[in-house]
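**Q** Have a look at the structure that comes next, please.
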Amino acid sequence: MTDPAAKEQVRLEFAEQAAGVPDAFQRLWTPHRMVYVGGEAKPADASADECPFCRAPRGSDADGLIVHRSRYVYALLNLFPYNPGHLLILPYRHVPDYTDLSAAERADFGEVTKEAIEVLRAVSRPAGFNLGINQGAVAGAGITAHLHQHVVPRWQGDMNFLPVIGRTKALPQLLADTRELLAAEWARRA
């Protein structure tokens, strides 16, 4: 079958049948995650012009999901979070490696990480945190050209069958709402 319209019709009919077949599974459809799965939010090359982490601070804080700006680094919400409040700490400068940071940038990076933990504790009262830098593709970095550190709040029992079996994470709070809460707490501390 080479006719694109006929192919699409067959695909739609199959999808309609498959979606309606009763079985023992509940489904939580998350089509918005296809942007992440497909890599559409990742830069096409390593240039600062293509980097979403370089573009974010050039716009409004709300549009960029930025919750705090300091002299050398900023904090923003992860667009594809593991948990509500999942933050990224990033230098403004487009560098791929922690060793590329200046002494002043490293100090600010550490201070903003500390503040992020304090802000998340005040707003969300997590039981713990995962902190990590996945430097390089082999280490799991989705965007390798711009250094970023994850600050992931954790709660007792926050890992359940959905991410383990279904590769799906149910998040109880919209990113815009989380951004407002965290940005307000950071501003209150200034």
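Bear in mind these aren't lab numbers, they're just calculated from the coordinates by the rules spelled out. Being a predicted model, the structure only gives us computed values, none of them experimental. For neighbour counting, all protein chains shown are included, and Cβ atoms are generated from backbone atoms with ideal geometry for every residue, glycine included.
**Q** Between Ala62 and Ala6, take the C-beta separation as r, use R0 = 41 Å, and let me know the FRET efficiency to the nearest 0.05. Let's see the in-between values first.
**A** Details: r = 45 Å, r/R0 = 1.09.
Once the sixth-power term is evaluated, E becomes 0.35.
**Q** Further question on the same structure: For segment 49-190, what Kirkwood radius comes out of the mean inverse Cα-Cα distance, in Å? Could the numbers behind the result be given before it?
**A** Numbers: mean 1/r = 0.0644 Å⁻¹.
About 15.5 Å, per the Kirkwood formula over Cα pairs.
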